[in-house]
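Laboratory data are not the source of any read-out in this text; all were calculated from the coordinates shown. Computed from a prediction, not measured in an experiment: that's the story for all the values here. In this analysis, Cβ positions are derived from the backbone assuming ideal geometry, glycine residues included, and neighbour counts consider all displayed protein chains.
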Amino acid sequence: MFYSLIWWICYFLFKILFRYRIYGKKNLPQDESYIIASNHLSFLDPIALGLLTRKKINFLAREDLFNNRVFALLIGNLGAIPLKREKQDIRALRQGIKILQKNKILVVFPEGRRSLNGELGKPLAGVGFLAQMAKVKVVPVYLKGTNLALPVDAYFVRFKKISAFVGKPVEPDNHSPEAIVGLVWESLKSLRDEAKA
């Protein structure tokens, strides 16, 4: 109930303030667990990704966001999982695998942090490891405009257009974690070029 209420509030705010649009929504798998792998530009990214589907989405979020107990309670109820991003967090990865095994959706930002220049950074292999271990598809999603609506150093939003471009799912098959990440990143680059066209 709480998640659904927050979802609808965010949906209307994003539509009104940012003219939010989703392209390629048909590429989202139905009735199965999967990973959403997205570029990371802004604190608005998790909300934009959460609006891709009415299903509850879980996130790997940096651990220091849980320092405030009230905020930790809020984002915990919204599906956030604390992650130590400075080193490989085996506990968070195991928790991510458990979530995927329960037929749920998990969001991962392979870059590990927000991009300061708006460009795609170097991805880490964690998303490939999760896909391989849980045997689930990875859906690449390219976000455009969240860094303009809420830049890294800003405290207030700006009324800029936000769009999400959803690519075709990447199958884990027998690929190595690095190979899976490579395929996802190539797809994200294609989606970036589509977004710029």
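Derived value for the chain: Kirkwood hydrodynamic radius 16.8 Å. Basis is the mean of 1/r over every pair of different alpha-carbon atoms. For the listed residue pairs K160/K196; K102/K135; K102/K137; K15/K137; K98/K135; K26/K168, the alpha carbons are over 18 angstrom apart in K15/K137. Annotation: the antiparallel percentage among DSSP beta bridges lying fully within the range 2-196 is about 20.
Computed from the Cβ-Cβ distance with R0 of 35 Å, the FRET efficiency linking D173 to R91 stands at 0.80. Close amide-amide hydrogen proximity is noted between L150 and R158, each under 5 Å apart and 5 or more residues distant or on a separate chain (H modeled in the peptide plane; Pro and chain starts excluded).
For V170, the residues whose modelled amide H falls within less than 5 Å of its own, excluding neighbours fewer than 5 places apart on the same chain, are V138, V139.
The distance between label points at R113 and E63 comes to 1.6 nm (points 7 Å beyond Cα on the Cα→Cβ vector). In this structure the amide hydrogen of A80, modeled in the peptide plane, comes within under 5 Å of the amide hydrogens of F59, none closer than 5 places in sequence on its chain. In the chain, a dipole from Cβ-located charges (positive for Lys and Arg, negative for Asp and Glu) runs towards its positive end, and of F165, S115, Y20 it is Y20 whose Cα lies farthest in that direction.
Springs join every pair of Cα atoms under 10 Å in this Gaussian network model of the chain, and among A92, A164, A131 the largest mean-square fluctuation is at A92. Computed across the range 1-82, the Kirkwood radius stands at 13.9 Å (inverse of mean 1/r, all Cα pairs). Each of F43, F2, F18 was scored by other Cβ atoms within 10 Å of its Cβ. Listed from fewest to most, they are F2, F43, F18. Applying 1/(1 + (r/R0)^6) with R0 = 41 Å to the Cβ-Cβ distance of Y3 and K122 gives a FRET efficiency near 0.80. Count Lys and Arg as plus one, Asp and Glu as minus one, and take only other residues whose Cβ is under 11 Å from that of M133; the net charge is then +3. The helix-only estimate of mean residue ellipticity at 222 nm for the chain, built from DSSP H runs of length n ≥ 4 each weighted as -39500 (n - 2.57), is -12000 deg cm²/dmol after division by the residue total.
Summarising the label geometry, the points placed 7 Å from Cα in the beta-carbon direction at D31 and K135 lie 1.9 nm from one another.
Counting only DSSP beta bridges with both residues in the range 1-113, the antiparallel share comes to about 0 percent. Across the range 45-62, rounded Karplus estimates of 3J(HN,Hα) from the backbone phi angles (6.51 cos²θ - 1.76 cosθ + 1.60, θ = phi - 60°) give 4, x, 5, 4, 6, x, 7, 5, 8, 6, 5, 5, 10, 9, 10, 8, 10, 4 Hz, Gly and Pro being marked x.
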